[in-house]
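Please read the structure below before turning to the comments.
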């Protein structure tokens with residue numbers, strides 16, 4: 001939920017990132033993810049890509065990749081430095097989960113399921129600590145570190161969360 005400070009006069013607007021506006025998010029999305037999105041004709045058919053706007057300026061982005069099983073891969077999340085620790089990334093995650101719940105293709109007789117939300121990341125210690133705090137605040141419970149056997153490659157971290165949706169057939 002949005003936890004903006006009292007000096008903020010407006011609440012953010014959340015919306016799907018469309019292919020035609022992708023260029024303005026180039027510096028806000030991880031380069032490999034941006035390149036993958038750029039190769040897609042329509043972003044919203046392959047990814048959940050949402051942005052947060054405040055007074056006409058993008059202040060946050062989240063990109064998720066739904067799997068056929070309904071599980072979700074968190075590919076990229078970003079908040080403008082001056083808007084961090086105000087709940088924008090958490091609100092984007094909530095919105096992305098709403099979209100995922102609405103898009104899930106369920107069969108007759110399936111009324112509830114667990115969806116696993118997962119991510120992998122390779123960050124400097126400075127950023128890793130704050131990102132992991134955000135993950136834990138948003139119910140990620142399984143955090144791990146994958147180290148290369150040769151010590152040549154950087155550590156890759158992973159995290160996952162089980163999200164419970166009650167889905168109804170509509």
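Please work out which one of (1) part of a strand (DSSP E or B); (2) buried (at least 20 other Cβ atoms within 10 Å of the Cβ); (3) modelled with pLDDT of 85 or more; (4) more than 12 Å from the chain's Cα centre (by Cα) is the condition residue 37 fails and give its number.
(1)
Return a yes/no flag: does the stretch 53-61 have any residue that is part of a loop (DSSP other than H, G, I, E, B) and in contact (Cβ under 8 Å) with a residue 60 or more places away in the chain.
Here is the first cut: in the stretch 53-61, the residues part of a loop (DSSP other than H, G, I, E, B) are 55-56.
Now narrow it down to the ones that are in contact (Cβ under 8 Å) with a residue 60 or more places away in the chain: none.
No, there is no match, as no residue in the stretch 53-61 is part of a loop (DSSP other than H, G, I, E, B) and in contact (Cβ under 8 Å) with a residue 60 or more places away in the chain.
Among the residues of the stretch 40-61 satisfying the criterion of being more than 14 Å from residue 24 (Cα to Cα) and at pLDDT 85 or above, which is farthest from the chain's Cα centre (by Cα)? If you could, list the steps in order and put the result at the bottom.
To start, the set of residues in the stretch 40-61 that are more than 14 Å from residue 24 (Cα to Cα) comprises 40-48, 54-55.
This time we only want the ones that are at pLDDT 85 or above, so: 47-48, 54-55.
Numbers: 47: 10, 48: 8, 54: 18, 55: 22 Å.
Among them, the one singled out is 55.
Any idea which of 140, 165 is modelled with pLDDT under 70 and buried (at least 16 other Cβ atoms within 10 Å of the Cβ)? Spell out the reasoning first.
Numbers: 140 fails: modelled with pLDDT under 70.
Selected residue: 165, the only one of 140, 165 that is modelled with pLDDT under 70 and buried (at least 16 other Cβ atoms within 10 Å of the Cβ).
When you go through (1) within 11 Å of the chain's Cα centre (by Cα); (2) under 18 Å from residue 118 (Cβ atoms); (3) not in a strand (DSSP E or B) one by one for residue 76, which number turns out not to apply?
It is condition (3) that residue 76 fails.
Against the conditions (1) loosely packed, with under 14 Cβ neighbours inside 10 Å; (2) more than 25 Å from residue 123 (Cα to Cα); (3) modelled with pLDDT under 85; (4) touching a strand residue (DSSP E or B) at 6+ places or on another chain (Cβ under 9 Å), where does residue 67 fall short? Just the number, please.
The failed condition is (2).
The values are calculated or read from the model by the stated rules, or taken from the named source; none is laboratory data. Quick caveat, the model's predicted, so the values are computed rather than measured. Note that we place each Cβ from the backbone using ideal geometry, even for glycine, and neighbour counts take in every protein chain shown.
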